[in-house]
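Data first, discussion second: the structure below is written as structure tokens.
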Amino acid sequence: MNASQNTPPPGPGPLSAPGTTGPGVFALGGTVTVPRLGFGAMQLPGRWSGPAGDTEKAVAVTRRAVELGVRYIDTAAFYFSPTHRANDLLREALFPYAQDVVIATKVGPLRDETGEMYAEARPDQLRAEVERNLEDLRVDTLDLVHLRVGRLGAGIADSLGERFEVLAALREEGLIRQLGVSNVTSGQLAEARSIAPVVAVQNRFGVRDQTDAALVDICADAGIAYMPFFALGGGHTALDSEEMRTVAARHGATEHQVALAWGLARSPSIVQIPGTASLAHLEQNMAAGQLDLDEEDMDLLGRRG
Ligand SMILES: NC(=O)c1ccc[n+]([C@@H]2O[C@H](COP(=O)([O-])OP(=O)(O)OC[C@H]3O[C@@H](n4cnc5c(N)ncnc54)[C@H](OP(=O)(O)O)[C@@H]3O)[C@@H](O)[C@H]2O)c1
């Protein structure tokens, strides 16, 4: 946590410079450097209906992620199942946090104890949401907070100005170090940037769902990290295709590894946050940093933009 200027440790793959394939690194806001293979904590608490969370396993996966070189972890207070909360699991696994581990959270949607996402927080409700994350994670300052707006992947074009101003003020107050936005349109990103510096965008994007390609390029041009959610399909978009199978076979890799490597090759500002509660999948995902996709692979897989 408390990261300022830092140097990431070597991960399992070649830590090549941004702009090349391989995991590489990205400097958030130009100052906080993280490897481009991060980790998403949403799967850790288990499912609302489906396999329950497992504290021991979730803690082991989180610690192993950091051992393997992850320095960027995405979470939210609204990631919880009937039995487990992502923030509690991260705290149990990593507290006291290493200086160079960035834990990024999100505020915006309100979720009740039945699991229902029932509304977007009003501006006057956001401070309490930020304070809840501070409390959960047991820190005085949150490394990075995204304002998540709209419905999943729908990119509602409403103004986010009033809500983002609240987060900008909390940053001025010292409760937040850096700001991001999530599930936004390019217009909403521009609006947020007119209020305070935005270091990261977290939107839906992946090899099999490139709808947001233009925003990926806007972020790269502006030096903003683009953190795609559902880079592995998130259980909503199938990864499987003839092209994916061909590239995977060519590299002796899995389609999930190809999906992650594709994102790293697609844009130098993509920071991957694949979600998993499985040690075996985590190891595979981190090894994706060793995959060097060439132009032929990228042409085959498609690269809208
Ligand atoms: N801002 C937003 O609105 C938003 C929305 C959704 C998610 N997120 C963030 O984005 C992160 C990623 O999203 P996500 O976890 O929903 O989707 P994802 O990373 O696309 O996919 C996760 C799914 O893939 C499986 N998986 C992971 N690695 C695998 C592998 N190597 N082989 C086979 N299956 C694998 C996981 O199951 P196992 O657990 O079995 O591995 C899980 O079912 C989340 O953790 C969260 O931090 C943000």
Residue satisfying condition, being in a helix (DSSP H, G or I), surrounded by fewer than 17 Cβ atoms within 10 Å (Cβ to Cβ) and not β-branched (V, I, T), within set A265, A261, A288, A280: A280
Of all residues making up region 35-50, the number that are in contact (Cβ under 8 Å) with a residue 24 or more places away in the chain, over 15 Å from the mean Cα position of the chain (by Cα) and within 11 Å of the ligand (Cβ to nearest atom): 3
Leading residue by the ranking (nearest to the ligand (Cβ to nearest atom)) among those in region 63-87 that are surrounded by fewer than 18 Cβ atoms within 10 Å (Cβ to Cβ) and assigned to a helix (DSSP H, G or I): R64
Residues located in region 135-149, provided they are buried (at least 18 other Cβ atoms within 10 Å of the Cβ) and either among the hydroxyl-bearing types (S, T, Y) or in contact with a strand residue (DSSP E or B) (Cβ under 6 Å, 6 or more places away or on another chain) (or both): L142, D143, L144, V145, H146, L147, R148
Failed item, numbered, when G150 is tested on (1) in a loop (DSSP other than H, G, I, E, B); (2) more than 21 Å from V130 (Cα to Cα): (2)
What residue, among those in region 216-246 that are of a type in the set (F, W, Y) and assigned to a strand (DSSP E or B), is nearest to the ligand (Cβ to nearest atom)? F229
Do we find a residue being away from the ligand (no atom under 15 Å from the Cβ), in a loop (DSSP other than H, G, I, E, B) and under 28 Å from E295 (Cα atoms) anywhere in region 194-215? no
Return the residue satisfying two criteria in turn: it lies in region 90-116 and is of a type in the set (A, V, I, L, M, F, W, C) and touching a residue at least 60 places away in the same chain (Cβ under 8 Å), and of such residues it is surrounded by the fewest Cβ atoms within 10 Å (Cβ to Cβ). A98
From A259, A231, A238, residue being more than 18 Å from the chain's Cα centre (by Cα) and closer than 21 Å to A288 by Cα: A238
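Read-outs throughout are calculated quantities, based only on the coordinates presented, and are distinct from any laboratory measurement. Keep in mind that this is a model prediction, so the values were computed, not measured. For neighbour counting, all protein chains shown are included, and Cβ atoms are generated from backbone atoms with ideal geometry for every residue, glycine included.
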